[in-house]
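Report on the structure given below.
The values are calculated or read from the model by the stated rules, or taken from the named source; none is laboratory data. Keep in mind that this is a model prediction, so the values were computed, not measured. Virtual Cβ from ideal backbone geometry, glycine too; neighbours counted across all protein chains shown.
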Amino acid sequence: MDTGLDFSSPYIRLAIALLLGAIIGIQRGWVDRNEAAGSRIAGIRTYSLVGLLGGLCGLLADHFSELFLGLAFIALTVIVSVAYVSRLRWHNNLSITGLVGTLLTFLLGALAVIGDPVLAASSAVITAIILDNKKELHEALRKLQEYELDAALRLLLISVVMLPLLPNQAMGPWDAINPYEVWWMVVLIASISFVGYFAMKIGGTEKGILLTCLFAGLSSSTALTLQFSHLSKQQPPLSGLLASGILLSCGTMFPRILFVCSVVNWTLLERLWLPMLAMMLGFYVSAGGFGAPINQTAKPRRK
């Protein structure tokens, strides 16, 4: 998509560096808006200037030497650290979030000029969102149970660490086994279980199962069927609701198939949309027959 912006122009890149600093500065300034003037280390003006400073240092480093950018970053780190230590005398706050945010703004400003400006701007927005959701993140962390954290780390282990290490090729008798695909199914089942548990914890049993089914229908209804079948043995009162969820997940497959067909072959979509729609409605109507209200919250099993 042509945005009409010439990102090769140093003026545009410097403007992006200035704006991304302002994005972070607005958030930090809003948080400290009730403090007296001059008592804050940095606000919207400081962060904007730090972003611009990073862009200018990146521009100079690109024309002269990369060492210039490194020295400028070290100098800024020293200045911000001294200001942070001086502030500790008046405010008993050991948080270094503002310090890290200032240094990150400098680096993003440099990235906008000598690297990818879109990546720099996106990172600035994400940074502002993280800074703005301090209370929500801390509250979620306080509510997190030890076994929930353990489950999340195990899911990351099997998906982020182990899955990329497996060979993605057929092997064994008649080339019937692909280790990567087999483990990918394990990751899917574990992910559905993980998402389903937190969905039920946050939204209750019925809403949680509904959200889980929609998620699984877009990824793997087979994995959801295996997971819900296992869950129905553990909690028989939920069997009807789980059966409804399986049918709902199967019905959600058809919009996904139609979307793929629309991308690959529009002519094929014209022939498939009517029977696919009929099958989808059939699954949804059948799911409604099982979905009796359940006034019970599913409890996770502790190992």
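A quick yes/no check of all residues on (1) under 32 Å from the mean Cα position of the chain (by Cα); (2) free of Cβ contacts under 8 Å to residues at least 40 places away in the same chain; (3) more than 26 Å from Trp184 (Cβ to Cβ):
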position	(1), (2), (3)
Leu226	yes, yes, no
Gln234	yes, no, no
Thr252	yes, yes, no
Leu258	yes, yes, no
Val264	yes, yes, no
Leu268	no, yes, yes
Arg271	no, yes, yes
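Inside region 158-174, can you point out the residues that are loosely packed, with under 12 Cβ neighbours inside 10 Å and assigned to a helix (DSSP H, G or I)?
Selection gives Val160, Val161, Pro164, Leu165, Pro173, Trp174.
Conditions (1) within 23 Å of Ala15 (Cα to Cα); (2) modelled with pLDDT under 90; (3) not in a helix (DSSP H, G or I), marked per residue:
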{"position": "Gly54", "(1), (2), (3)": "yes, no, no"}
{"position": "Ser81", "(1), (2), (3)": "no, yes, no"}
{"position": "Tyr84", "(1), (2), (3)": "no, yes, no"}
{"position": "Trp90", "(1), (2), (3)": "no, yes, yes"}
{"position": "Leu94", "(1), (2), (3)": "no, yes, yes"}
{"position": "Phe106", "(1), (2), (3)": "yes, no, no"}
{"position": "Ala121", "(1), (2), (3)": "yes, no, no"}
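Given the criteria loosely packed, with under 11 Cβ neighbours inside 10 Å, at pLDDT 90 or above and within 20 Å of the chain's Cα centre (by Cα), does Ile126 qualify?
So Ile126 fits the description; yes.
Taking Val100 as meeting all but one of (1) among the β-branched types (Val, Ile, Thr); (2) at pLDDT below 85; (3) out of contact with any helix residue (DSSP H, G or I) (no Cβ under 8 Å at 6 or more places or on another chain), write down the number of the exception.
The number of the failed condition is (2).
Is it true that Ile16 is at pLDDT 90 or above, out of contact with any Pro (no Cβ under 9 Å at 6 or more places or on another chain) and part of a helix (DSSP H, G or I)?
no
Look through Gly196, Gly204, Gly217 and report the one residue that is modelled with pLDDT under 70, over 22 Å from Arg154 (Cα atoms) and either among the hydroxyl-bearing types (Ser, Thr, Tyr) or under 21 Å from the mean Cα position of the chain (by Cα) (or both).
Just one listed residue meets the conditions, Gly217.
Going residue by residue through region 238-246, is there one that turns out to be in contact with an Asp or Glu (Cβ under 9 Å, 6 or more places away or on another chain) and either outside any loop (DSSP other than H, G, I, E, B) or modelled with pLDDT of 80 or more (or both)?
yes
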